[in-house]
Amino acid sequence: MAVKLNRKAYEMAKDLILPGRYVYDERDAWSEHCPAAAQENAFIRREGMGEYTKWYLGINDAKPPDAKGAYEFPYGDFKDVHRCGVLSAESRAAQYKHKEIASAVAHLHGMIEAQRQAAGVRTSAPR
């Protein structure tokens with residue numbers, strides 16, 4: 001099984017973060033903020049599989065490209081990037097030694113923190 005970086009998703013995440021389309025939430029909030037299976041299915045029906053794939057930073061090439069299970073490391077809610085999703089993806093990518101994904105997600109995390117600081121919002125130290 002090889003999981004590689006989904007470059008389209010990475011570019012879209014950067015494009016969303018730059019104008020401030022991110023949610024600066026707590027590290028542990030991802031289990032509550034990640035889309036449920038029903039939300040994923042509704043999004044696919046409405047927008048198509050091509051748009052769905054842009055919300056996942058990893059592509060598992062051992063699975064068919066038209067299967068939801070081929071896409072890993074979600075980072076947002078189909079509207080905005082979520083800091084908690086980025087942090088979750090960052091730790092999982094490091095845990096499973098997906099270096100390219102871990103590097104990309106660390107960059108996204110840094111972008112969120114930089115945007116937050118540039119906006120003059122005080123950030124607390126990560127947990």
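A simple spin-label model places pseudo-atoms 7 Å from Cα toward Cβ; at residue 18 and residue 51 they are separated by 2.2 nm. Suppose each label sits 7 Å from its Cα in the direction of the beta carbon; what would the residue 28-residue 107 distance come out to in nanometres? In this crude spin-label approximation the distance works out to 3.2 nm. Taking chymotrypsin sites (Phe, Trp or Tyr not before Pro) across segment 61-122, none is in a DSSP loop with at most 11 further Cβ atoms lying within 10 angstrom of its Cβ.
Out of the trypsin sites (Lys or Arg not before Pro) in segment 15-97, which ones are loop residues according to DSSP with at most 10 other C-beta atoms within 10 Å? Mind dumping the intermediate values first?
On the way: sites: 21, 27, 45, 46, 54, 68, 79, 83, 92, 97; in loops: 21, 54, 79, 97.
Taking segment 15-97 and a limit of 10 other Cβ atoms within 10 Å, the loop trypsin sites (Lys or Arg not before Pro) found are 97.
Taking a sphere under 14 Å around the Cβ of residue 3 and counting the other residues whose Cβ falls inside, with K and R at +1 and D and E at -1, yields a net charge of +3. Lysine pairs in the chain whose alpha-carbon atoms fall under 17 angstrom of each other, counting only those eight or more residues apart or on distinct chains, come to 13. Spin-label model, residue 118 to residue 99: label points 7 Å out along the Cα-to-beta-carbon direction sit 3.0 nm apart.
With a cut-off of 15 Å between beta carbons, the residues surrounding residue 23 carry a summed charge of -2, where Lys and Arg count +1 and Asp and Glu -1.
Laboratory data are not the source of any read-out in this text; all were calculated from the coordinates shown. Keep in mind it's a predicted model, so treat the numbers as computed, not measured. Every residue, glycine as well, gets a Cβ built from its backbone with ideal geometry; the counts of neighbours run over all protein chains shown.
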